[in-house]
Structure formats: structure tokens, C-alpha cells
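The values are calculated or read from the model by the stated rules, or taken from the named source; none is laboratory data. Bear in mind that the values here come from a model prediction, so they are computed numbers and not experimental data. Note: ideal-geometry Cβ built from the backbone for every residue, glycine included; neighbour counts use all protein chains shown.
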Amino acid sequence: MTDANDDPEAAIDPDEDAGDSTALGSTADPAPDLDDVVLDNLETSTDDDSDEASRGLFDDLLEGEPIFENKEVLRPSYTPHKLPHREEQINNMATILVTALRGDTPSNILIYGKTGTGKTASAKFVSEELETTSQKYEVPCEVEYINCEVTDTQYRVLAQLANKFIDKNVDVIDERIDELEQLQSSAREDPSELADSDYDSLGAVEDAIDDLEAEKDEFEEVPMTGWPTDRVYSSFFDAVDYHERVVVIMLDEIDKLVEKSGDDTLYNLSRMNSELENSRVSIMGISNDLKFTDFLDPRVKSSLGEEEIVFPPYDANQLRDILQARADVAFKGNALTDDVIPLCAAFAAQEHGDARRALDLLRTAGELAERDQTDDVEEDHVRQAQEKIELDRVVEVVRTLPTQSKIVLFAIILLEKNGVHNINTGEVFNIYKNLCAEIDADVLTQRRVTDLISELDMLGIVNAVVVSKGRYGRTKEISLSVPTEETEAVLLSDSRLGDIDDVQPFVQARFDN
Ligand SMILES: Nc1ncnc2c1ncn2[C@@H]1O[C@H](COP(=O)(O)OP(=O)(O)OP(=O)(O)O)[C@@H](O)[C@H]1O
């Protein structure tokens, strides 16, 4: 990839710029003699004033040798061509799918594994290989990818598939029409051209073109809402069965589809083959959730799970190899100090062997080093990156909390900020009540507030431990697990909580009651 960042010297040469600005500057001198200008130009090209004048906001930034050679390679959207430590899973998939290249129906496959274990990347890699090979051997085989987190109802899945196949069918028809039109024009010049074709006259070619045009007009795009589901299904069915082919439907995050809209889609897809005449359909489901098949109809479960492939989490050594392979392409020669990759791998392995997290860390560490304008990425940049990513996560979780949980969290923050340690539920509840009154929110019961505190605990935002107070029973001691200032700022960015003017009186309230 070439981009201005790759070679800033080549893209914008400050010297060249200075020369230009002198030439422009010379227009200030009325009626310059052409020869003088050239001479002036040479003489003044080292003149600092004009150089300074042209230095803009970006010059300094461009001058620092960039750390990255190609940052895109570290982004989640990039599909690598090599996937270290996934050879076994990739081979398993290929062994199952090769059936498609023989014109038969491959078994359905279910792929399991935690987030960031390379399921999508591996499945996409195998699909691309499958499609390329099918073109090479001219065996009609197609893969359709659907992300069920986005497309999460039966209607949408079927509509999206129907429209994709309709588009493909239109392309097939257009190609055929092109061929016939070529035959038509060459046969007009030399009627013997028809001898090798299926048509005995120009009229017959004309009719065939008309038929194809009419067929094309019959295809109707499925709207994204509004049709009865069986109509959408039959549109999809007809579009797939339009000509002979094997179709692999890849349903990424398949558990989200089942969670949102049950197993009807899978039931319909898995029984299609008995009715299709020309084509065959096979399903490849990908899931983070090992238990989602428990919610499936037993028939769907056994049909979908004909073959199961598990993607185990990566360990720190495997993550190192993955990072190294990407870093070789992403960074300039010696931009990484020795500790960087092992540390990113170790942090990500602690999480649960998530390659996405490891790549995020490496990219963020590189960006932080770039911002510092240093020549290389150091261990400290990785630690800062780890903190930044963690903080971004916290901000996102806090920002999307329901209002009641935000109020409870705000009460805990106010107590901590006022030096209260080992906060108990009663203290939180008192402040919570006052905050609710201030912003006109419903007041929940203390029991419900205790539940909300437990939820905040599960999200890792607060730490709530149950301690025994001897004969006074047991109580919860609550403390914040996230940075106070940043979390408070996120809470105050909520328009309702932002309305609270003076928080001091609320803290006094803990002594009431
Ligand atoms: N073996 C590997 N080699 C190189 N890159 C990898 C490997 N495994 C995963 N990655 C990279 O890690 C990131 C996450 O991988 P991927 O999206 O395939 O994970 P996933 O298992 O599908 O996760 P999720 O369930 O969250 O979608 C991607 O950027 C991918 O390119």
C-alpha cells in the first residue's frame, strides 16, 4: 500500500516547498526579470525566513520518521493471508468443504471459540480459497457471509441472502446476453458463425436475448421490511435454485441470531436441500457461545452440528508468533524494542488468549510512541496502551449503563471523593435517594439498589465484598475499581446527571438517617 505517510520526504519535500515559496515570494517584487527570478531562487533557497513562513501545522509531524510502515495491517478489518497456529482448524474446514468442489453438498459446520481466537479470519480465509479454486476448476461454488450481530432476524437474513443471489443471477444473465449480442453481431457479418452455436438463425438469437431480458425483469429485490416471511423465503429459494451451484452460507455470531429470533431460520435453511433441484446449500455457523445449541430444536441441532471445529484460546507464545508476523509488515525495521511483542502477548494471554486484544495493544502502543515522537516503541508504551484500552472499555461500559445504575455509581463516587472508605450499602442508598430527588428520578428500594451494586461489581466497575460484622450481621463493603475522575466525567456527560449543580449537600446526607 502506498500512502503519504509511507514516505513523507517523497510526498512533501520541505526544501522543494521552500523553493516554491521563494518563487511565490518573488511576486512581491514588481515586474521581476525572469532571469533574476531564477537566480534569486537559487541564491535564496537557503533563506530561513521563507522556509519558516511555509512551515505549517503538519510539517513537524511529517518530519518525524514514522514508526509505522503500514498500520492497516494491525486493524481488525485486515484479513491476514497467513494465520499461524490455526493450520489444524483451517485444514479441517478445507477437508470438509472440498466436497463442494466435487459438486456435492459439504456437511454443515459449527465453529466454536472465544472472542479473538481467529474464527472469522480463518473461515474467511478458507472461503476465499474455496471460491478461487472453484473459479480455477470452473465448478460453481459460492460463499455468502452474514454477520448475525447486525442481521439478526429471519426476515433480514433471508432478504439479504435473496438479494445477494438475485444480484449474482442478474450478473449471470448479463454475461449471457453479452455473449449472445456478440454472436449476433458477428453472425450479421458472417452467417456461418451460427454453425457452431445452438441457434440456427439470427431471429433465434434475438428471441433468446428477449427471453433472458424478460427473465431478468422478473427478479424482484426483496425490501428490507414489509413482505410476509414465506414470500421472502420463496424469493431466496428461487434465487439460489436459479442454476446449478453449491452455496456455503457463513453465519457469523450465529448465537446472536438464535438469541434474538429463535431457530426458525436455521430450521428452514437446514431442510432446504431436500427441496432444491439445481443447487445445494451448506451452513457454516460461527459462535463465541458454546452453549447456544442447547436452545435449538434437536433436529436443527443435529443437522447444524454435523461437524464441529473448536478454536482454543491462544497462549502467550502463540500470540507472540501472530504479533511478530503482523509487526514485520506493520512497523519500520527496528521500530520495536525487544520487550514490546512479548509484553503485548503476555497481557493478551492474561485476558483469555485474545489475538484481537493483542493486536489492539500493539497498534495503540505504536500510536502512543508516534505521538511522543520517539524513534521506537518501548515497553512503557505497551503499559500505557494497556491502561488506555482498559479505560476506553470502562468509559464505554459506564456510558451505556442504565440511568439508575449511573445514579448508584455516582453516589459511590461522591462518597469516595469525600474520603469515605469501606462504603456500605446504606450509605450509598442515602446519597442515591437524594440524587434521585434532585434529578426527579424514581427511587428504587434499597434491595434493588443492592442488586444494581452487584451488577456493577460483575461489570468490574466496583468491588463489593461481603464482610461479617460479628453479631451485627453481614454487610457489603464497596469500593471503586475504576479511575474516579474519568468515570465521574463520563457520568456527568449524561444529560440528566449533568444537571446536578452542587454535589456537596448529598454527601452530608450520609450522616442523616
Ligand atoms: N492465527 C492468527 N494469525 C493472525 N491473526 C490472527 C490470528 N487469529 C486471529 N487473528 C487476528 O485477530 C483478530 C480477531 O480475529 P477474529 O475476528 O477471527 O476472531 P474471532 O474468533 O472471530 O472473534 P469474535 O468471536 O470476537 O468475532 C483479527 O484481526 C484477526 O486477523
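Looking at this structure, is residue 482 part of a loop (DSSP other than H, G, I, E, B), within 27 Å of residue 351 (Cβ to Cβ) and either over 37 Å from the mean Cα position of the chain (by Cα) or in contact (Cβ under 8 Å) with a residue 40 or more places away in the chain (or both)? Yes: the conditions hold for residue 482. Checking the conditions here, which among 132, 105 is more than 16 Å from the ligand (Cβ to nearest atom) and assigned to a helix (DSSP H, G or I)? Unique residue meeting the criteria: 132. Is there a residue being in contact with a Cys (Cβ under 8 Å, 6 or more places away or on another chain), modelled with pLDDT of 90 or more, outside the structural domain of residue 390 (by TED's automatic domain parsing) and not in a helix (DSSP H, G or I) anywhere in the range 407-414? No, the range 407-414 has no match at all. The residue of the range 171-189 that is surrounded by the fewest Cβ atoms within 10 Å (Cβ to Cβ), among those that are farther than 16 Å from residue 213 by Cα and in contact with an Asp or Glu (Cβ under 8 Å, 6 or more places away or on another chain), is 186. Annotation: of all residues in the range 305-314 being in contact with a helix residue (DSSP H, G or I) (Cβ under 6 Å, 6 or more places away or on another chain) and more than 21 Å from residue 76 (Cβ to Cβ), the one that is farthest from the ligand (Cβ to nearest atom) is 307.
With respect to (1) assigned to a helix (DSSP H, G or I); (2) buried (at least 16 other Cβ atoms within 10 Å of the Cβ), the lone exception for residue 401 is condition (1). When the range 65-81 is filtered for residues that are near the ligand (Cβ under 7 Å from one of its atoms) and either buried (at least 18 other Cβ atoms within 10 Å of the Cβ) or in contact (Cβ under 8 Å) with a residue 60 or more places away in the chain (or both), the ones remaining, listed by number, are 76, 80. Taken over the range 350-371, the residue count meeting the criterion of being more than 16 Å from the ligand (Cβ to nearest atom) and exposed (fewer than 15 other Cβ atoms within 10 Å of the Cβ) is 2. Of all the residues in the range 232-287, those that are among the β-branched types (Val, Ile, Thr) and surrounded by fewer than 17 Cβ atoms within 10 Å (Cβ to Cβ) number 0.
Just so you know, in the range 264-298 the residues that are acidic (Asp, Glu) and under 28 Å from the mean Cα position of the chain (by Cα) include one that is nearest to residue 149 (Cα to Cα), and it is 289. One residue stands out in the range 386-397 among those that are without any contact (Cβ under 8 Å) to a residue 40 or more places away in the chain and away from the ligand (no atom under 16 Å from the Cβ): the one that is surrounded by the most Cβ atoms within 10 Å (Cβ to Cβ), namely 386.
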